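Asks: One structure follows; several queries about it will come next.
The values are calculated or read from the model by the stated rules, or taken from the named source; none is laboratory data. Worth saying up front: this structure is predicted, and the values here are computed from it rather than measured. Cβ sites come from the backbone with ideal geometry, for glycine too, and all protein chains shown count toward neighbours. Heavy atoms of the whole protein, side chains included, go into the accessibility calculation; ligands, DNA and RNA do not. Shrake-Rupley method; radii C 1.70, N 1.55, O 1.52, S 1.80 Å.
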Amino acid sequence: MSFQVKEPVLVIGLGGVGSKLAIKAKDSLNSDCLLISNDAKDFSSENPSVHVSTDSVINPSVQLIRGSTYKVSDEIKSKISDYSTVILMSNLAGKAGSAISPVVSEMCKDAGKGLISFAIMPFKYEKDRIFNSGLSLKRIKENSECTVVLDNDSLLESNPDLNPKACYDIANSALLHVVESLGSSEISNETNILTTSKDGQNIEDSLRDSLKMLYENAPPNSVKRSMLYVVGGNNIPVGVINSITNLTTGILNESNSQIDMTSTPDESKIVMLSSVQGMTKFDNYDPLGIIPQESTLDWSTPECSIDCKLDLYQLE
């Protein structure tokens, strides 16, 4: 089955990266936008926002930000109440994204909204962020009808010459290509892995890097369907497009690959969106992730911390 986008549509951006992506996505979809963050610097005056206050704590933990989000839950619920579809943009490598995304996605699910979530995963060297990103992604997938995941680390592995900023730019561009196509192409109601390549390559090399990035996230036999977004496709020979389509079908051993042409005169590359079933590398980010939800005692509420202001004496 495929995800159905129904109007009216609200794009929600979480944290700094999520907010920037949401503003750009809003313009391409001609939809409304809501920004949510614990840092007021992430907001713009033109778009509605919800500030998650952590009071006097200037370097809050993920758990404190998450607990503070529950304090403004009524405000968030009121702002999403008039929409049928919610598009959630979050960078799970950042504190705000990994903290707030499970809470907001849960609100959308409880309200019966059609939720499609876009999540960016951290680099491997960001060791302090991997665990929290894995936990948040697991909850987002549970709450969303459709989840699109892009792994910064796999992008860097395929292109070790890139610096982090270049990886961010490529990742953000790939996400926006998929968002812009929501009105014309279908996305599977599964976990979808988004892969791409750097600019300045020919199409065959771009496809190779996209496939390499995909296989670093999931085993080949888990791929059920692929959508190839040929960026700048109107300027590419038809024979080349036919060749990469046949190549993709042969490698992935699937007959339901599809092509979506994107008319972009300044660039030419492949953006691949692959629906997968089963385990991915992100399931290993949480050592206890193999435990099924029905066997988890504390699944209902994400881990958070709030100041209860209890007058308790320190006994030690």
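Asks: What figure in square angstrom, to the nearest 10, would you give for the accessible area of Lys141 with a 1.4 Å probe?
Replies: 60
Asks: Tabulate in residue order the Karplus-calculated ³J(HN,Hα) for region 183-192, using 6.51 cos²θ - 1.76 cosθ + 1.60 with θ = phi - 60°, rounded to whole Hz; enter x for Gly and Pro.
Replies: Result, rounded to whole Hz: x, 10, 10, 9, 10, 5, 7, 9, 7, 10.
Asks: Let me ask you something else. Would you please give the FRET efficiency between Ser28 and Glu126, computed as 1/(1 + (r/R0)^6) with r the Cβ-Cβ distance and R0 = 30 Å, to the nearest 0.05?
Replies: With R0 = 30 Å, the Cβ-Cβ based efficiency is 0.55.
Asks: Moving on to the next point. For the pair Lys212/Asp169, report the inter-label distance in nm, with labels modelled 7 Å from Cα in the Cβ direction.
Replies: Distance between label points: 2.0 nm.
Asks: If you don't mind, there's one more thing I want to ask. Just by accessible area at a 1.4 angstrom probe, what is the order of Arg139, Arg208 from largest to smallest?
Replies: Solvent-accessible surface, decreasing: Arg208, Arg139.
Asks: Rank Asp151, Asp169, Asp128, Asp205 by accessible area, highest first, at a 1.4 Å probe radius?
Replies: Of Asp151, Asp169, Asp128, Asp205, the descending order of accessible area is Asp128, Asp169, Asp205, Asp151.
Asks: Same structure, new question: Which of the lysines could a cross-linker span from Lys20 if the Cα-Cα distance has to be under 18 Å and same-chain partners fewer than 8 positions apart are dropped?
Replies: Filter leaves Lys41, Lys95, Lys165.
Asks: Where does each of 175-188, 44-57 land if you order them by average Cβ count within 10 Å, highest first?
Replies: 175-188, 44-57
Asks: Straight distance only, please: which lysines reach the Cα of Lys77 with their own Cα at less than 19 Å, same-chain residues fewer than 8 apart left out?
Replies: Those lysines meeting the cut-off are Lys6, Lys109, Lys113.
Asks: Where does each of 113-126, 81-94, 62-75 land if you order them by average Cβ count within 10 Å, highest first?
Replies: The densest-packed peptide leads the list: 81-94, 113-126, 62-75.
Asks: In terms of modelled amide H atoms, which long-range or inter-chain residues lie less than 5 Å from the amide H of Glu145?
Replies: Leu115
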